[in-house]
1. Take residue 92 and residue 29, extend 7 Å from each Cα along the Cα→Cβ direction, and tell me the distance between the two endpoints in nm.
2. With label points built 7 Å along Cα→Cβ from the Cα atoms of residue 66 and residue 21, find their separation and express it in nm.
Amino acid sequence: MRIETLSFRTLQTLVLVLTFLPYASYHATRKTTSIVKSVLDPKTEELGLSPWPSPHILRTHASGWAPFNTPSGTSMLGLITTFQILASIFLYANSA
């Protein structure tokens with residue numbers, strides 16, 4: 001099948017499907033920020049912020065991950081959350 005023989009509408013549909021499927025697959029498999037935070041910073045479960053009923057089952061790295069396992073690790077995660085909130089607000093404001 002040559003591209004010249006396909007109609008414009010068929011090409012549009014093909015691009016839509018080839019774009020939508022990987023995007024939907026990515027969103028179906030990604031982890032939410034609250035789940036990732038409980039693994040990056042071991043102090044979040046001490047604060048009662050664990051999204052899992054038993055976070056010790058899912059813990060793969062008991063001391064957290066650098067640089068979030070430092071004393072200022074929780075505040076770094078707060079900065080990431082603040083950035084995400086501001087980014088979503090600006091994206092919404094720019095789309096209006």
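Rule-based calculations on the coordinates, nothing more; no lab input. Computed from a predicted structure; not experimentally measured. Here the Cβ is made from the backbone with ideal geometry for all residues, glycine too, and neighbour counts use every protein chain on show.
1. Modelled inter-label distance: 3.0 nm.
2. Computed distance between label sites residue 66 and residue 21 equals 4.1 nm.
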